[in-house]
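> Take this structure, written in structure tokens, and hold onto it; I'll ask about it next.
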Amino acid sequence: MGGLIERRADVLGPLYSCFPGLVESDRAADGIDGASDEYVLLDYPEPNVAARIENALVDGRVRISDADTDLEFEARVYVSSLSVGFVVVELPECPDDLDLDIDKKGHGAGLRALEAPYRKVLGRHIRLWCQRMEIALLHLPFVEERSNVEGLLPSGKMLWMHRILIDPGDNIPSSLRTGVHYELGRASCSVGYLFTSLIGGDSETLREVISGLILASQNWLIIDDATRLTAGRLMRIELDGPYNQTEIDRQYDEILDLTDRAAFRSVVFSESVRYVSNSQLRVKDAVDEAWGISEEGRTLTDRMASLREIFNLRRERVANKRDEFRNKIIMALTSLTVFQCVFIWYDFYTGETVKSGESPRPEIALMTLAFTVGGFTLVPFVPRILDAIGGAVRRLFATAGPPDGSGPSSPGSPGTGAPRVPAQRLRLGRRQRQS
């Protein structure tokens, strides 16, 4: 994803070739190179003007024709550097009595039937566009393929449809009645899980609503990816095994990579949000509240930190088990060495097939035994004895006088200060200097 941002100029050419007939939307000019003196950098609220990270890669309109369904319509195509794409199409007007409660079981059959041919055509074109982008971009060294981790939303497919109802009247789904209501100038809006209603708005207001929904949907996908990966890791913690240091390190590297990607995506999205209009930001905040994005985003960081802490504890446990096993081996080898020493000593004490003869063997054996037992007895106390000897030597040098015999050192700096001089001698010295 970083390559899509840093090497933007190298990506746009192959990316635009994936959408034949694309007409780019009217946007502010990229960058500020060659701008005149009266040019105001932040006068136009678009990330491509002054943002450090440009999110939008493709934003234009393409004509779609399908012979099987006899459909021909114009669609807006938006592809972001977060590897997320959006297609905006206009459906025919819905009848006033059409059941819109598709989030309820057994309802919304009429609306689904109205959308069915569009879903079929769009799904086919989205798959084709994704295949073209895969061929055009994956050979670039700075573009990586999205990992197909179990539990993540599939790539290269249509994920969901969000409907914007324009002046719907009284026929609105129940999710909008309990959704989040907000105002955009003179227009009244309401956003729910699958629907957004716009009452009294013009085409520019509709465009602001669509842009706000695109922003919020990207944020939802960022958090959803990280949440699914984190949940998958947590579920496999007790199922995977046996745990060894290599496996723990591999899983911990995956957690760090997940944290890095989630943080970078959050930075890209935050940079895009900073340079949008007030209307788009208002729509985005309303969608965050309606979809529960803000609350999930607040807990995601703590959840990922907990996951890293769990893997740290597992790494410590594996290391502790390894140290315990190593200590057992050391203890076994030490015990074997001690027994061998005892056997050798006994053989030396009682054996007769040695060159030293019979007379010195008992004395040598007893002296060896005494030194060995004494060594094992005194070794634990050697540091304490050395500290006591060192302290006594330091006290001896501190209380001893300097070489000229003028007396002990001053208490403020023992052993290094100037010798004490009687007060009478100091006064006498001052009088002599005055005279």
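The values are calculated or read from the model by the stated rules, or taken from the named source; none is laboratory data. Everything numeric in this text was worked out from a predicted model, so none of it was measured. Note that each Cβ is placed from the backbone with ideal geometry, even for glycine, and that neighbours are counted across all protein chains shown. Each accessible area value is taken on the protein alone, full model and side chains, heavy atoms only, with ligands, DNA and RNA left out. Shrake-Rupley method; radii C 1.70, N 1.55, O 1.52, S 1.80 Å.
> Looking at segment 164-192 only, could you name the residues that are crowded, with 17+ Cβ neighbours inside 10 Å and of a type outside the set (A, V, I, L, M)?
PRO168, PRO173, SER175, GLY179, TYR182, CYS189, SER190, GLY192
> I've got another one for you. Give the residue, chosen from ASP260, ASP323, ASP288, that is in a helix (DSSP H, G or I), at pLDDT 80 or above and within 29 Å of the chain's Cα centre (by Cα).
ASP288
> If you don't mind, there's one more thing I want to ask. Output the residues belonging to segment 177-194 that are in a loop (DSSP other than H, G, I, E, B) and basic (Lys, Arg).
ARG186
> For segment 146-154, state whether one or more residues are within 30 Å of ASP99 (Cα to Cα) and polar (S, T, N, Q).
Within segment 146-154, not a single residue is within 30 Å of ASP99 (Cα to Cα) and polar (S, T, N, Q).
> Does HIS125 satisfy the condition of being in a loop (DSSP other than H, G, I, E, B) and either at pLDDT 90 or above or open to solvent by 60 Å² or more (accessible area, probe 1.4 Å) (or both)? Please lay out each step first, then the result.
Numbers: in a loop (DSSP other than H, G, I, E, B): no; either at pLDDT 90 or above or open to solvent by 60 Å² or more (accessible area, probe 1.4 Å) (or both): yes.
No: the conditions fail for HIS125.
> Please specify each residue of segment 64-100 satisfying the condition of being in a loop (DSSP other than H, G, I, E, B) and within 30 Å of GLY13 (Cα to Cα).
Keep residues of segment 64-100 that are in a loop (DSSP other than H, G, I, E, B), which gives 67-70, 81-84, 90-100.
Result: ALA67, SER81, LEU82, SER83, VAL84, GLU90.
> Any idea which residue in segment 243-277 is surrounded by the fewest Cβ atoms within 10 Å (Cβ to Cβ), counting only those that are of a type in the set (Val, Ile, Thr) and under 20 Å from SER294 (Cα atoms)?
VAL267
> Okay, moving on. Show the residue pairs that are 6+ apart or on different chains and have beta-carbon atoms under 6 Å apart, the first residue being within segment 276-292 and under 7 Å from GLY212 (Cβ atoms), the second being β-branched (Val, Ile, Thr) and open to solvent by less than 20 Å² (accessible area, probe 1.4 Å).
So the pair list comes out as VAL283/VAL209; VAL287/VAL191.
> Specify which of the listed residues (PRO362, PRO402) is at pLDDT below 70 and outside any helix (DSSP H, G or I).
When all the criteria are applied, what remains is PRO402.
> Then there is this: Out of the residues in segment 74-107 that are touching a Lys or Arg at 6+ places or on another chain (Cβ under 7 Å) and under 21 Å from PRO168 (Cβ atoms), which is surrounded by the most Cβ atoms within 10 Å (Cβ to Cβ)?
Restricting to residues being touching a Lys or Arg at 6+ places or on another chain (Cβ under 7 Å) and under 21 Å from PRO168 (Cβ atoms), the top hit is ILE102.
> Follow-up question, since we're still on this one. For segment 36-73, how many residues are under 39 Å from the mean Cα position of the chain (by Cα), modelled with pLDDT of 70 or more and open to solvent by 40 Å² or more (accessible area, probe 1.4 Å)?
The total comes to 1.
Listed here are the residues, each with its yes/no results for (1) under 30 Å from PRO14 (Cβ atoms); (2) at pLDDT 85 or above; (3) in a loop (DSSP other than H, G, I, E, B).
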| site | (1), (2), (3) |
| --- | --- |
| HIS139 | yes, no, yes |
| LEU153 | yes, no, yes |
| SER175 | no, no, no |
| THR196 | no, yes, no |
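> Can you tell me which residue within segment 198-210, out of those that are assigned to a helix (DSSP H, G or I) and open to solvent by 20 Å² or more (accessible area, probe 1.4 Å), is nearest to LEU307 (Cα to Cα)?
By that ranking, first place goes to ILE210.
> Tell me, which residue of segment 155-173 that is at pLDDT below 85 and on the phi > 0 side of the Ramachandran plot is nearest to the chain's Cα centre (by Cα)?
GLY156
> For segment 292-312, check the following and say yes or no: at least one residue is buried (at least 20 other Cβ atoms within 10 Å of the Cβ), of a type in the set (Gly, Ala, Ser), more than 18 Å from the chain's Cα centre (by Cα) and within 29 Å of VAL79 (Cβ to Cβ).
No; the residues of segment 292-312 include none that is buried (at least 20 other Cβ atoms within 10 Å of the Cβ), of a type in the set (Gly, Ala, Ser), more than 18 Å from the chain's Cα centre (by Cα) and within 29 Å of VAL79 (Cβ to Cβ).
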